[in-house]
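Here the structure comes first, spelled out in structure tokens, and everything after it is commentary.
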């Protein structure tokens, strides 16, 4: 176990995504300050963050213009930029949303509309014949909406701390 410092400017409880993001922002807003991150698990992202799927959501499911949609679209854009700037591995694997029968076509149209109105990059509808070239494993669809920029990132990736993030992680 690492012993925490005897004195610091900030103490943050939890070394998951929120605790580390808060610590990073504190260090950015208060240059020269010190922080300690207290974590009961044996590693960073050892709890809920580590169990996260790592999907970077695009905003296709949220009501157009809603706060969720705006934050999702801008957050995805910022996440890609951050990952590229700090050489954090991430995968832009794409996503197919498939209508398996006639009754699902209306919902598919609605998702495409939401994606376009929310300015989700690359969101488009395709007929089944066009979708077949995108996925060999999906069968029985009538039409699909493709979002080529669906992405994921590992919450457990370990790399150098970004500049300005100097914190001590310790176990209780």
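Points worth noting:
- Looking only at the stretch 1-12, and only at residues there that are at pLDDT below 90 and surrounded by 12 or more Cβ atoms within 10 Å (Cβ to Cβ), the one that is farthest from the chain's Cα centre (by Cα): 5
- Any chance residue 96 is touching a helix residue (DSSP H, G or I) at 6+ places or on another chain (Cβ under 7 Å) and buried (at least 16 other Cβ atoms within 10 Å of the Cβ): yes
- Subset of the stretch 13-62 that is assigned to a helix (DSSP H, G or I) and in contact with a strand residue (DSSP E or B) (Cβ under 8 Å, 6 or more places away or on another chain) - its residue that is surrounded by the fewest Cβ atoms within 10 Å (Cβ to Cβ): 22
- Here is the figure for the stretch 99-115: residues that are under 25 Å from residue 65 (Cβ atoms), exposed (fewer than 12 other Cβ atoms within 10 Å of the Cβ) and modelled with pLDDT under 85 total 0.
- Top-ranked residue of the stretch 94-121 - restricted to ones that are over 12 Å from residue 58 (Cβ atoms) and outside any helix (DSSP H, G or I), ranked as farthest from the chain's Cα centre (by Cα): 101
- Among all positions in the stretch 80-90, there is no residue which is touching a strand residue (DSSP E or B) at 6+ places or on another chain (Cβ under 8 Å), surrounded by fewer than 16 Cβ atoms within 10 Å (Cβ to Cβ) and within 30 Å of residue 107 (Cβ to Cβ).
- Test: residue in the stretch 20-30 that is at positive phi and free of Cβ contacts under 8 Å to residues at least 60 places away in the same chain: no
- Considering (1) part of a helix (DSSP H, G or I); (2) more than 17 Å from residue 55 (Cβ to Cβ), the lone condition that residue 76 does not fulfil carries the number (2).
The values are calculated or read from the model by the stated rules, or taken from the named source; none is laboratory data. Since we're looking at a predicted model, the values are computed, not measured. We place every Cβ from the backbone using ideal geometry, glycine too, and count neighbours over all the protein chains shown.
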